Amino acid sequence: MSDTSFPRDILVSENIRDKYLRPINDIDNKPFKDITDIYLMAAVFGLKNKMRIKSVRPKSIRQFRDLSDEQKLIMNTIAATDKEFNTDILLPENAKEMFKIVEEYANAGASLLHDKVMIKRDNKATYEDMIWEEIKKISAK
């Protein structure tokens, strides 16, 4: 899969980036490697809650070419899951739509993730506990 088929940037609404994603990224001992991982976890929260929000003044958080293979796989999985595992969404000609799906889920899930991370941080619970709690909820469905 050639990177040239894909949009240059991974986008999110400017206000969502500034209000929710950056504060998580600024936490000491955060459970995420970087803002891209935070963005992807926000997209997972949006997907889990079946919530999508269109971007207002979209801003780049990272260029596609700088994503790890694992991050690209997560984006593909989110988009394919949204399309009920119709893998046509993963074809290069559908790349813009795939990016838009992930972007809208990240916009919707950012506040949920932010609240979860900040509450756990304030309660001194571990991030590992938070992640296991989410896995248990998904597994129970």
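Would you be able to tell me the number of residues in the stretch 37-53 that are part of a loop (DSSP other than H, G, I, E, B), β-branched (Val, Ile, Thr) and more than 12 Å from residue 107 (Cβ to Cβ)?
Summing the residues that are part of a loop (DSSP other than H, G, I, E, B), β-branched (Val, Ile, Thr) and more than 12 Å from residue 107 (Cβ to Cβ) in the stretch 37-53 gives 0.
Out of the residues in the stretch 1-20 meeting the condition of being of a type in the set (S, T, N, Q) and at pLDDT 95 or above, tell me which one is surrounded by the most Cβ atoms within 10 Å (Cβ to Cβ).
Within the stretch 1-20, the match that is surrounded by the most Cβ atoms within 10 Å (Cβ to Cβ) is 13.
Working only within the stretch 1-55, note down all residues that are in contact with a Lys or Arg (Cβ under 7 Å, 6 or more places away or on another chain) and hydroxyl-bearing (Ser, Thr, Tyr).
13, 36
Yes or no: the stretch 27-36 includes at least one residue that is part of a helix (DSSP H, G or I) and farther than 22 Å from residue 95 by Cβ.
Checking the stretch 27-36: not a single residue is part of a helix (DSSP H, G or I) and farther than 22 Å from residue 95 by Cβ.
Could you look through the stretch 47-70, keep only residues that are surrounded by 13 or more Cβ atoms within 10 Å (Cβ to Cβ) and out of contact with any strand residue (DSSP E or B) (no Cβ under 9 Å at 6 or more places or on another chain), and pick out the one that is farthest from residue 7 (Cα to Cα)?
For the stretch 47-70, the residue satisfying everything is 48.
The values are calculated or read from the model by the stated rules, or taken from the named source; none is laboratory data. These numbers come from a predicted model, not from an experiment. We place every Cβ from the backbone using ideal geometry, glycine too, and count neighbours over all the protein chains shown.
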